[in-house]
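To start, the structure itself, in structure tokens.
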Amino acid sequence: MAKRPRIAVVGSANIDLTTFTNQFPKPGETIFGQKFDLGFGGKGANQAVAARLCGAEVFMVARVGSDLFGPATIENFRKQGIDPTHVKQVEGLSSGVAPIFVEPNGQNRILVVKGANDALKPADVDAAAEILKSADCIVLQFEIPVATVYYTIEFARKHGIRCILNPAPAQPVDLGALKDLDYFVPNETEAETITGSPVKNVEDAKKCAENLVAGGIRRVIITLGANGSLLSSRDGGEHVPPFVVNAIDSTGAGDAFIGSFAVFLGEGVPEKEAVRRANLYAGLSTTGVGTQKSFYDRARFDAEWAKRS
Ligand code: RIB
């Protein structure tokens, strides 16, 4: 039987307010949307839920607001079987929220108001040090202060823990602070924003990833949506093709990729195979609406994998 990985997510938790719409209002205009969905989200929380559904033991280090979303978010972690000991409410701040707009082809646009996520500080990482030291892998994103991300990368290096950063949403980065990462996993837009070089196709992604590796990052995976992903290291770059799915909402697919990839790697699945599996896990998540609620559990995933691999 595969080893059960222990995964820590130091990251964000949001409430997603998703509107499905055929068009966007012009300034001063009011129009009707087609459908609305309220759900638990946030890149960190989504990655934690994906990892848990794939079978890992998961614990979360996060901050939520002193509003009605805060306790509900903590309760959601509990219900999902994620340890929320280090998820605390911050007085006087709102929870993170994300108004999301999804077009008929499944493409999404997301606005994030960070709220309490911005209050997650290096001292909170220290407060969670004991539990973090017991992890096989720490997963990070950019919806918390960048200083906390850099601090946690350093913590992971010091304790020999695998560390994965999903630089989403994209921000200017200090590449030097990322050299101790095991995996840097942007999507094409984030890779483009961070490096300044266009990522419009697989070839562009390959060049961009090569530049990041030349800049000192050990392993880069650029997720390419319906085009699969690009894996790159000093040993070279490789395109890992997608699986065909009927996508209706791509929101959270990147998070599904990261959470599941961390689990497959932790189980000892070889890297390229872990990327292939994560491609399928992410693809399947786009066949349902929302983020966490569109993620497959391990039994459903394994059944699909058995059919398609
Ligand atoms: O990646 C999708 C997530 O981005 C949403 O859940 C939203 O909260 C934003 O963080």
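Residue 120: away from the ligand (no atom under 15 Å from the Cβ) and either farther than 25 Å from residue 24 by Cβ or open to solvent by less than 40 Å² (accessible area, probe 1.4 Å) (or both), yes or no?
Considered against the rule, which asks whether it is away from the ligand (no atom under 15 Å from the Cβ) and either farther than 25 Å from residue 24 by Cβ or open to solvent by less than 40 Å² (accessible area, probe 1.4 Å) (or both), residue 120 comes out as no.
Exactly one condition in (1) of a type outside the set (S, T, N, Q); (2) open to solvent by 10 Å² or more (accessible area, probe 1.4 Å); (3) within 30 Å of residue 269 (Cβ to Cβ) is false for residue 44; which is it?
Evaluating residue 44 over (1) of a type outside the set (S, T, N, Q); (2) open to solvent by 10 Å² or more (accessible area, probe 1.4 Å); (3) within 30 Å of residue 269 (Cβ to Cβ) leaves (2) as the failure.
Look at residue 175 and say whether it is closer than 25 Å to residue 189 by Cα and in contact with a strand residue (DSSP E or B) (Cβ under 7 Å, 6 or more places away or on another chain).
no
Among the residues of segment 237-254, what is the count of those that are over 21 Å from residue 292 (Cα atoms) and either open to solvent by less than 50 Å² (accessible area, probe 1.4 Å) or near the ligand (Cβ under 10 Å from one of its atoms) (or both)?
So the answer is 2.
Residues checked against (1) within 15 Å of the ligand (Cβ to nearest atom); (2) at pLDDT 95 or above; (3) more than 19 Å from the chain's Cα centre (by Cα); (4) open to solvent by 10 Å² or more (accessible area, probe 1.4 Å):
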| site | (1), (2), (3), (4) |
| --- | --- |
| 190 | yes, yes, no, yes |
| 195 | no, no, yes, yes |
| 208 | no, yes, yes, no |
| 221 | no, yes, no, no |
| 256 | yes, yes, no, no |
| 264 | no, yes, no, no |
| 268 | no, yes, yes, yes |
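Hey, can you tell me all the residues within segment 289-307 that are open to solvent by 20 Å² or more (accessible area, probe 1.4 Å), within 16 Å of the ligand (Cβ to nearest atom) and of a type outside the set (A, V, I, L, M, F, W, C)?
293, the sole residue that qualifies.
The values are calculated or read from the model by the stated rules, or taken from the named source; none is laboratory data. Fair warning: this is a prediction, and the values are worked out from it, not measured in the lab. Here Cβ is always computed from backbone atoms with ideal geometry, including for glycine, and neighbour counts include all displayed protein chains. We work out accessible area using only protein heavy atoms, side chains counted, and drop any ligands, DNA or RNA first. Shrake-Rupley method; radii C 1.70, N 1.55, O 1.52, S 1.80 Å.
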